[in-house]
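Okay, structure first, notes after.
The values are calculated or read from the model by the stated rules, or taken from the named source; none is laboratory data. What you see is a predicted model; the values in this text were computed from it and never measured. All Cβ positions, glycine included, derive from the backbone under ideal geometry; neighbour counts span all protein chains shown. Ligands, DNA and RNA are excluded from the accessible area calculation, which covers all protein heavy atoms including side chains. Shrake-Rupley method; radii C 1.70, N 1.55, O 1.52, S 1.80 Å.
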Amino acid sequence: MPYVDRQDRICGFLDIEEQEQSGKFLRRYFILDTQKGSLVWYMDNPQNLPEGAGCQGSLKLTYISKVSDATKQRPKAEFCFVINAGMRKFFLQANDQQDLVEWVNALNNATKITVSSVFFFCAQSDAGFRKQVSYKTEIIGGVPIITLTQQEGADGYNGPEKEALRRTCSQLPYFLCRPTQDQSVIKAGYCVKQGAVMKNWKRRYFILEENSLSYFKSDLEKEPLRIISLKEVHKVHECKQSDIMMRDNLFEVVTTARTFYIQADSPEEMHSWIKAISGAIVAQRGPGRTTASVLHDQGAVTAHTLLMRGRCGSKGLH
């Protein structure tokens, strides 16, 4: 999903057809800067690129005449939309339907173009019946969940229509880069991690399982670069040093050996990772070890520590 960074710019990843009519879409990091009146895209988040690295392309907002859904123009490209700029059309692919809606609205708002905010898709039954249905997309645990926005729409279908609608939603891709049948996988996806020695930032593919958090060079690799046991994780939370590092969506995983600094692509992804890892840690402790009991134990330890310090201090006075 696009998000607003510290400089009040709309940012996020999209796929763009850089060479017109090539049909080849490349992953790029986009920055919509209304103050400078431009849309700029880079190989990656500029925070992760070498200092002085230039952009891959840019477009003045004044050149944009229209931004719209391009499903009919590019039926083979999922979640595709088009930016009309003079004699050139820029085709881009969003991550999911909600991402598409938000980018189209953001670009149209930036260029003072008004468009309808209602999106539809058609469900077709075996009998050939077609009906437009409005829907919404929610991201839950990194997976888009499609639901009807009109209550009466769900109740108005007969058996074949409901089945057709269910099939339509189930055929939407979920963009899991590393398909797996392992039910122990809780969450997977790309993040940027700081190195332990060189302190450089590299994009890595993370997999959270019931007992561990692993990261790989890419989603194609089979052997992880490292496996972090959840038993070693003391806490995971949004990084309080993000102001110092000047990185958005930064969180830290604190273990016995070291602290891992990890940057997500959006605030939603950051909170999703924090929630998923924290939930896996709580679940690992067993049914008797709930979050409340853990907090209670931590409070007891803190109280005991303060009591012991008080005793030591009183002995010193005598």
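Among the residues making up region 255-277, those that are closer than 21 Å to GLU210 by Cβ, among the polar types (S, T, N, Q) and crowded, with 16+ Cβ neighbours inside 10 Å are THR255, SER272.
Within region 194-207, the set of residues being touching a strand residue (DSSP E or B) at 6+ places or on another chain (Cβ under 7 Å) and either open to solvent by 50 Å² or more (accessible area, probe 1.4 Å) or closer than 21 Å to ASN95 by Cβ (or both) comprises LYS202, ARG203, ARG204, TYR205, PHE206, ILE207. Residue count for region 46-68 under the criterion of being open to solvent by less than 40 Å² (accessible area, probe 1.4 Å) and either charged (D, E, K, R) or part of a strand (DSSP E or B) (or both): the result is 5. GLN7 passes every criterion in (1) more than 25 Å from MET270 (Cβ to Cβ); (2) within 23 Å of the chain's Cα centre (by Cα) apart from (1). Being open to solvent by 20 Å² or more (accessible area, probe 1.4 Å) and among the β-branched types (Val, Ile, Thr) is the filter here, so list the residues in region 208-235 that pass it. Passing the criteria: only ILE227.
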